[in-house]
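Following: one structure in structure tokens, then a few remarks.
The values are calculated or read from the model by the stated rules, or taken from the named source; none is laboratory data. Owing to the predicted nature of the structure, the values given are computational and were not obtained by experimental measurement. When we count neighbours, we look across all protein chains shown, and the Cβ atoms used for this are built from the backbone with ideal geometry, even at glycine. Please note that ligands, DNA and RNA were not included when accessible areas were found on the heavy atoms of the full protein model with its side chains. Shrake-Rupley method; radii C 1.70, N 1.55, O 1.52, S 1.80 Å.
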Amino acid sequence: MTIAAATPAPVPEKAKDLTNLHYVARQPIFDRDQKVFGYELLFRDGLENAFTGSDADAVSRATLDNSLLIGLETLCDGRRAFVNCTRDTLIKGLVTLLPSQSTVVEVLENVPADPDVMAACKGLKDAGYLIALDDYVTGDPRESLTQMADIIKVDMKLTTLAQRADLTKHFGPWRCRLLAEKVETQEEFAAAREQGFVYFQGYFFRRPEILTAHSMPGNSLNYLRMMREVSRPELDVAALERLIKGEASICYRLLRYLNSAVFGFKSEIHSVRHALSILGERETRRWVRLVAAVAAGQGKPSDLVLSSLVRARFGELLAAQVPSGESDLFLLGLLSLIDAMLEMPMAEVLDKISLDSETKAVLLGQPSKLRPVYQLILAHESGEWEAAAQVAQSLGLYAKEVAALYWQAQQWAREVCVAG
């Protein structure tokens with residue numbers, strides 16, 4: 001379905017200050033327990049670097065520059081940062097600008113294992129950096145580097161089952177840890193873990209594993225009840241208050257969030273009724289949805305909750321610039337991962353919440369007027385810059401300004417997570 005182009009709206013002043021941070025994304029890397037081990041950082045300074053692919057050294061340097069400017073602690077929440085390195089980045093020692101205790105030096109597949117590269121990797125290894133080899137295959141010309149490698153990344157789409165078996169047999173956990181890339185399903189995750197892989201990269205954890213006899217835990221049902229309550233045309237404050245008070249974690253999080261500096265309230269909030277009265281109806285609906293979604297994600301990989309918050313805020317920032325009708329783009333983003341949080345099919349979750357037809361359709365993968373906006377959100381999240389620029393253009397938006405809004409969304413989501 002075609003959407004009429006929208007006139008680009010003025011970009012907030014905060015976004016204009018982010019001209020050197022236009023393209024930022026990160027891909028989570030998990031351990032065998034599906035806990036976040038680190039993130040591969042993906043930066044681009046502009047469309048020319050993102051699409052030509054002709055200057056990998058410039059892209060690598062941009063990654064280092066942005067990592068220093070923003071800080072790895074902010075970007076990776078205290079976890080390891082996987083930084084792509086070209087030959088030039090390695091032999092010039094540029095990656096040593098980043099701290100060794102939190103940096104994984106990822107040697108790209110086209111870097112030759114020549115004497116200069118070998119010496120550079122040995123120096124990095126001695127300095128305490130972890131070394132990873134990207135897109136490793138059987139008979140890889142970088143084989144001599146494996147003696148220094150801590151992690152070997154294997155692309156699930158570029159290798160066969162037999163080839164992966166050969167690699168796990170050859171290296172095994174006694175030599176270095178194997179990382180499976182592009183793991184997209186729970187079945188692929190289970191198979192790679194069974195084969196002996198230690199780390200996993202991909203979005204498999206966002207597709208829930210549904211058991212035949214799966215039943216919804218009581219607290220999850222309460223989260224959905226709260227979302228349903230704030231989705232009613234007429235808000236029943238007393239009924240909502242009872243639901244919030246009946247779920248201690250929700251009650252605590254609501255008060256903790258609203259008392260934090262993130263929201264700028266001048267006086268502390270002492271009760272649920274006080275919080276709801278200060279917020280007003282519109283903000284009450286918004287924040288109850290937010291807190292319920294965050295609580296639903298507890299116990300899941302941290303990136304799952306953070307991503308839902310980024311999507312929600314990004315949608316909200318885009319709302320003034322794109323045609324969305326009566327749909328709430330904050331809610332669209334917030335609910336887009338609720339199936340993975342609750343480990344339920346999306347259709348079953350949405351049956352329990354009152355949603356407009358366009359939002360429900362896009363979340364179920366059906367035709368919707370909101371689909372281009374949702375595609376724009378997902379493209380930025382995964383670092384698919386070309387796709388993001390194309391969708392932005394179709395919506396009448398400037399790609400760089402949209403990317404700056406995405407960075408704002410990332411900052412906001414991290415602040416909210418800290419506040420919680």
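Conditions (1) at pLDDT below 80; (2) among the polar types (S, T, N, Q); (3) over 30 Å from residue 28 (Cβ atoms), marked per residue:
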site	(1), (2), (3)
202	no, no, no
210	yes, no, no
216	yes, no, no
234	no, no, yes
240	no, no, yes
270	yes, no, yes
For segment 138-165 the number of residues that are out of contact with any helix residue (DSSP H, G or I) (no Cβ under 9 Å at 6 or more places or on another chain) and surrounded by 15 or more Cβ atoms within 10 Å (Cβ to Cβ) is 3
Residue hits (segment 344-368; buried (at least 19 other Cβ atoms within 10 Å of the Cβ) and basic (Lys, Arg)) are 360
Filtering segment 132-162 down to residues that are of a type in the set (D, E, K, R) and within 18 Å of residue 199 (Cα to Cα) yields 134, 135, 150, 153, 155, 157
Subset of segment 104-137, residues hydrophobic (A, V, I, L, M, F, W, C), open to solvent by 50 Å² or more (accessible area, probe 1.4 Å) and over 32 Å from the mean Cα position of the chain (by Cα), comes to 119
Taking the condition under 25 Å from the mean Cα position of the chain (by Cα), closer than 25 Å to residue 337 by Cα, open to solvent by 30 Å² or more (accessible area, probe 1.4 Å) and modelled with pLDDT of 65 or more, does residue 286 pass? no
Scanning segment 335-359 for residues that are under 25 Å from residue 396 (Cβ atoms) and not β-branched (Val, Ile, Thr), the one modelled with the lowest pLDDT turns out to be 356
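Here's the yes/no breakdown for (1) of a type outside the set (Gly, Ala, Ser); (2) at pLDDT below 90; (3) outside any loop (DSSP other than H, G, I, E, B); (4) touching an Asp or Glu at 6+ places or on another chain (Cβ under 8 Å):
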position: 11; (1), (2), (3), (4): yes, yes, no, yes
position: 18; (1), (2), (3), (4): yes, yes, no, no
position: 25; (1), (2), (3), (4): no, yes, yes, yes
position: 38; (1), (2), (3), (4): no, no, yes, no
position: 49; (1), (2), (3), (4): yes, yes, yes, yes
position: 54; (1), (2), (3), (4): no, yes, no, no
position: 62; (1), (2), (3), (4): no, yes, yes, yes
position: 74; (1), (2), (3), (4): yes, yes, yes, no
position: 83; (1), (2), (3), (4): yes, yes, yes, yes
Reported set for segment 361-410 where residues are of a type in the set (Gly, Ala, Ser), over 23 Å from residue 181 (Cβ atoms) and in contact (Cβ under 8 Å) with a residue 40 or more places away in the chain is 368, 389, 394, 396, 399, 403, 404, 409
Restricting attention to segment 289-321, the residues that are open to solvent by 10 Å² or more (accessible area, probe 1.4 Å) and farther than 22 Å from residue 36 by Cβ number exactly 6
